[in-house]
Amino acid sequence: MGENTTNDYLNRIEAAKNTIRTAIHGKDDVIDMVLCAVFAGGHILLEDIPGVGKTTLVTALAKVFNLGYRRVQFTPDVLPSDISGFTMYDKNTGEFSFREGAVYTNLFLADEINRTSPKTQSALLEVMEEGRATVDGVTRDLPKPFMVIATQNPIGASGTQKLPESQLDRFMIRLSMGYPAHKSAVDILKGDSHETIREMNAVIEQDEILTIQEIVSNIHVSESLYDYAVSITEATRDPDTFTLGLSPRGSIALLKMAKAHAFLEGRDFVTPEDFREVFLPIAGHRVLLSTKSKATGSTLNAALLNAFASCPIPKGN
């Protein structure tokens, strides 16, 4: 794509961010990471207590990008067929017909995903990895773009089930909204986020998201930075500090998010700083602290930052 076209997209992305800010106050860092994941083609896990704006953020995102949007409130009685669809016999035609599940959309919100059964959670594995769903031996592609945004309450909250590592690894990033700052809380009280979202207009269309994703995929990465990304990944596999480190899928997520961050910064090349900015969101849900680290009082974020800092920054990028 030409430079003028890229600049046009960047200007409109900034307009999209400003629109989302009218409903989500004081969370620019979260909005930036969400946009990085969208343009990197990844899925997002929002982990936080109820009532801090997770669903509002997702709804606003669907509006500004004109995305088809479906939401499922995950409860113990939600079935895999509710997610991926099912076939049923039509007595009028004498044939079986397919009924689409909720994932046949652009943006699928799995609300409180850790309140449903592991069997239902696992129904998302194929759709998140391959962008398609198989029902009764027939595989069907999902619309493009497609992404899953899941919300979950902190582990240990009443009625929750821990997501398996195989599913956590399929989320490109995990984010936490957190409580709003005082001024942002005042702004929330003064406004009506539901009315604000209803009045939002689309800023970027679905097909343009696919174009932006293609631009991001072509962001230049030097050979030394490929090596840097692998070194960062390997640093999270130190058995003295971690019992589970970043997988190859996590390494790919790190690279894709770094490219998306570079794009949003207006560059057509990745720098070491891009890796630093996206590291914690892509790593925090993929690694586990060792017993030794826990005994010393280390936190997960501190251990991850130490691992990151142990990797020498490449020269001449």
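Read-outs throughout are calculated quantities, based only on the coordinates presented, and are distinct from any laboratory measurement. Everything numeric in this text was worked out from a predicted model, so none of it was measured. Positions of Cβ are generated from backbone atoms using ideal geometry, with glycine treated the same way; all protein chains shown enter the neighbour counts.
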For region 231-295 and region 29-107, what is the separation of their C-alpha centers, rounded to whole Å? 26 Å
At 0.36 nm per residue, minus the direct Cα-Cα distance, what do Lys119 and Thr134 gain on full extension? Give it in nm, one decimal, please. 3.9 nm
Apply the Karplus parameterisation 6.51 cos²θ - 1.76 cosθ + 1.60, with θ equal to phi minus 60°, to every residue of region 72-80 and state each ³J(HN,Hα) to the nearest whole Hz, in sequence, with x for glycine and proline. 10, 7, 6, 10, x, 8, 6, 9, x
For region 263-278, Karplus-derived ³J(HN,Hα) couplings (6.51, -1.76, 1.60; θ = phi - 60°; whole Hz; x for glycine and proline) come out as 4, 5, 8, x, 10, 9, 8, 8, 10, x, 4, 4, 5, 5, 5, 9
What fraction of the DSSP beta bridges in the chain is antiparallel, stated in percent and rounded to the nearest 5? 40 percent
With only helices counted (DSSP H, runs n ≥ 4, each -39500 (n - 2.57)), the per-residue ellipticity at 222 nm for the chain, to the nearest 500, works out to -13500 deg cm²/dmol
Karplus couplings for region 31-40 from phi (6.51 cos²θ - 1.76 cosθ + 1.60, θ = phi - 60°), rounded to Hz, Gly and Pro as x? 4, 4, 5, 4, 5, 4, 5, 4, 7, 8
Report Rg/Rh for region 219-309, rounded to two decimals, where Rg is the Cα radius of gyration and Rh the Kirkwood radius. 1.01
Estimate the FRET efficiency between Glu234 and Glu265 by the formula 1/(1 + (r/R0)^6), using the beta-carbon distance for r and 41 Å for R0, to the nearest 0.05. 0.95
Region 1-119: spread of alpha-carbon positions along the three principal axes, whole Å, largest first, is 56, 39, 21
How big is the antiparallel share of DSSP beta bridges in region 73-221, given as a percent to the nearest 5? 65 percent
